[in-house]
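Undergrad: Below is the structure I would like to discuss, written out as structure tokens.
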Amino acid sequence: MIYKNIKNFQIRKKGYTLILSLDRPPVNAMNEEVFTELHKLVENVNTDPNIITVIITSALTKVFTVGADVKELLKKYGSKRKLKNAINNLDLVHETYKLIESSPKPFIVAFRGLSYGGGIELGCTCDIRIASRDAVFAMPETRIAFIPGYGGTQRLPRLIGSGAAKKFIFSGEPMNAITALKVGLVDEITPKNKELDLAIKIAESIAKGSPRSTAFAKRAINEGRNLSLEEALEKEKEFFIKNLNTKECYEGVFAFIKKREPNFKRVGNQHPEKI
């Protein structure tokens with residue numbers, strides 16, 4: 001699969017991992033073009049059997065993203081007459097973020113520097129969150145009479161708890177990487193400029209497993225987390241049985257018995273319509 005006609009991301013493939021580095025100087029403000037490109041990229045990834053894992057990071061050294069491009073918001077959507085355009089833009093963002101969340105591929109986000117607003121909301125859609133020790137997080141929307149609109153009021157409380165999310169969103173106060181780790185906003189922190197190295201290491205570890213089994217596990221976790229335990233266990237059983245009837249499962253079991261490395265790429269791919 002060829003990833004082309006993309007202006008706001010540097011794209012690099014390393015093994016079975018696709019690295020998407022947001023590159024919109026000076027502060028990686030996320031505008032409609034960024035979200036359009038990201039939506040296109042995720043759609044391509046989801047049907048590309050040569051990609052197992054995706055890493056989203058920044059091409060800039062001191063900032064992941066300051067979030068939404070507020071100047072564009074005011075210019076393009078800042079009146080009642082333009083409200084329909086604003087709603088369409090909001091729908092684009094939500095569709096893009098849901099596409100990441102529901103993707104059969106694991107997404108890893110590697111935060112560095114300033115990580116504000118919509119960038120944090122993007123991170124909340126990813127499966128694994130890594131942060132450099134110099135990362136600083138904030139949801140400053142209420143300070144300019146906005147509210148988080150890209151899923152922050154819903155995904156963030158599910159991730160770090162209602163009380164912590166309310167304090168973070170209501171106050172707009174920044175949070176450093178150590179605090180972000182403590183509350184569960186990120187899963188690991190690294191020395192400065194080492195966040196991408198760790199993300200790649202995790203991606204390479206994921207690639208050793210069955211892509212299809214990983215996709216089933218992701219669906220079981222995501223679809224079961226808002227169900228009762230009894231309902232969630234039924235969901236797990238459903239995906240366990242589906243996975244059992246795949247070539248990858250047989251390959252994995254026989255490889256284990258014969259004490260050899262499994263070759264999952266030989267027996268199938270990971271197209272979402274087959275998951």
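Undergrad: Suppose a student asked you for the relative contact order of the range 1-103, using Cα pairs under 8 Å spaced at least 6 residues apart; what percent would you report? Present the calculation step by step, with values, prior to reporting the outcome.
TA: Details: 118 pairs, mean separation 31.3, N = 103.
Relative contact order, the range 1-103: 30 percent.
Undergrad: If one computes the Cα centroid of the range 82-115 and of the range 222-243, what distance in Å separates the two points?
TA: 25
Undergrad: Is it possible to state the helix-based mean residue ellipticity at 222 nm for the chain, with each DSSP H run of 4+ residues giving -39500 (n - 2.57), the sum divided by total residues, to the nearest 500 deg cm²/dmol? What is it?
TA: Numbers: 12 runs with 133 residues, N = 275.
Value at 222 nm, helices only, nearest 500: -14500 deg cm²/dmol.
Undergrad: What's the magnitude of the charge dipole for the chain around its Cα centre, counting Lys and Arg as +1 and Asp and Glu as -1 at the beta-carbon? Answer in Debye, nearest 20.
TA: Its charge dipole is roughly 420 debye.
Undergrad: Run the numbers for ASN50 and LYS194: contour at 0.36 nm per residue of separation, minus the present Cα-Cα distance, in nm.
TA: Working: separation 144, 0.36 × 144 = 51.84 nm, distance 2.56 nm.
The span from ASN50 to LYS194 would gain 49.3 nm if fully extended.
Undergrad: May I pose another question? Quick one: if you stick a label point 7 Å off each Cα along the C-beta vector at ASN88 and LYS71, how many nm between them?
TA: Taking the two extended label points, one gets 2.3 nm.
Undergrad: Here's another thing I want to ask about it. For LYS237 and TYR250, compute 0.36 nm times the residue count separating them, minus their Cα-Cα distance, and round to one decimal in nm.
TA: 2.9 nm
Undergrad: Any idea what the relative contact order of the range 59-206 is, in percent, if you count C-alpha pairs under 8 Å spaced at least 6 apart? Each step should come with its number before you reach the end.
TA: Numbers: 235 pairs, mean separation 36.1, N = 148.
Computed value for the range 59-206: 24 percent relative contact order.
Undergrad: Further question on the same structure: Counting only other residues whose beta carbon sits under 15 Å from that of VAL183, what net charge do I get with K and R as +1, D and E as -1? Kindly include the intermediate steps, with their values, before the conclusion.
TA: Numbers: positive: ARG129, ARG155, ARG158, LYS166, LYS167, LYS182; negative: GLU173, ASP187, GLU188.
Summing Lys/Arg as +1 and Asp/Glu as -1 gives +3.
Undergrad: When the chain is fully extended, how far beyond the present Cα-Cα distance does ASN226 get from PHE146, taking 0.36 nm per residue of separation?
TA: Numbers: separation 80, 0.36 × 80 = 28.80 nm, distance 2.77 nm.
The ASN226-PHE146 span can extend by a further 26.0 nm.
Undergrad: Over the chain, what is the percentage of antiparallel beta bridges among all DSSP beta bridges, to the nearest 5? Kindly include the intermediate steps, with their values, before the conclusion.
TA: Values: 8 of 30 bridges.
Antiparallel: roughly 25 percent of the beta bridges in the chain.
Undergrad: Listed here are the pairs LYS192/LYS259; LYS194/LYS242; LYS4/LYS201; LYS4/LYS237; which of them are more than 28 Å apart at the Cα? Don't skip to the answer; put the middle values down first.
TA: Working: LYS192/LYS259 40 Å; LYS194/LYS242 38 Å; LYS4/LYS201 26 Å; LYS4/LYS237 40 Å.
Too far apart for the 28 Å limit: LYS192/LYS259; LYS194/LYS242; LYS4/LYS237.
Every read-out reported here was derived from the displayed coordinates using simple, explicitly stated rules and does not represent laboratory data. Everything numeric in this text was worked out from a predicted model, so none of it was measured. Glycine also receives a Cβ, built like all others from the backbone with ideal geometry; neighbour counts cover every protein chain displayed.
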